[in-house]
Amino acid sequence: MRSAASHGSEQVFAQAAELFGLMSSPLRLRIVSELCSRELNVGELMERIGTTQPNMSQHLAVLYRAGVLSRRRDGAQMYYRIGNASVSAICRSVCVDLAIAGDAD
């Protein structure tokens, strides 16, 4: 028989695994990285990342539905920003650590 605390921690681990799965795409990590410091529209993201509009839209939609990103419309433009600061902090930390480790090699 499991305790309530054990059940709660299992739920936390399941949510963390879901988040890590969501962020397992290099393109999604790049999107989050670009949005860490500023809000950008879809065209600006495509220019910085170098992918097609359909591909960008698909990844933005996944991140938005998961709560990682927030968005707002300004006329015909859709602007995206980080919607979950914890996610961006985790991604930034991992990417910076990997970059530093790569420089040390």
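The values are calculated or read from the model by the stated rules, or taken from the named source; none is laboratory data. These numbers were taken from a predicted model, which means no experiment stands behind them. In this analysis, Cβ positions are derived from the backbone assuming ideal geometry, glycine residues included, and neighbour counts consider all displayed protein chains. For the accessible areas, the whole protein counts, side chains as well, though only heavy atoms, and no ligand, DNA or RNA atoms are used. Shrake-Rupley method; radii C 1.70, N 1.55, O 1.52, S 1.80 Å.
Taking the accessible area of the chain, probe 1.4 Å, and keeping the other protein chains in place, the carbon and sulfur fraction comes to 55%. Positive end of the dipole of the chain (Cβ unit charges, origin at the Cα centre): among I90, S70, A17, the Cα lying farthest that way belongs to S70. Amide H contacts under 5 Å for L40: Y80, restricted to partners 5 or more places along the chain or on a different chain, H placed in the peptide plane at 1.01 Å from N.
Select from the stretch 3-105 those trypsin sites (Lys or Arg not before Pro) which occupy a DSSP coil region and have at most 13 other Cβ atoms within 10 Å, ordered by residue number.
Sites meeting the loop and neighbour criteria: R38.
In the context of the full set of protein chains, the stretch 45-105 has a per residue accessible area of 64 Å² (1.4 Å probe).
Taking the Cα centre of the stretch 1-84 as origin and assigning +1 to Lys and Arg Cβ atoms and -1 to Asp and Glu Cβ atoms, the resulting dipole is close to 100 debye. Phi-derived couplings, Karplus 6.51 cos²θ - 1.76 cosθ + 1.60 at θ = phi - 60°, listed residue by residue for the stretch 77-82: 8, 10, 9, 10, 8, 5 Hz, with x used for Gly and Pro.
If I compute semi-axes √(5λ) of the Cα gyration tensor in Å from the structure I just sent, which labelled value in (i) 39, 24, 8; (ii) 21, 15, 11; (iii) 28, 20, 11 lines up? Given (i) 39, 24, 8; (ii) 21, 15, 11; (iii) 28, 20, 11, the structure-derived one carries the label (iii).
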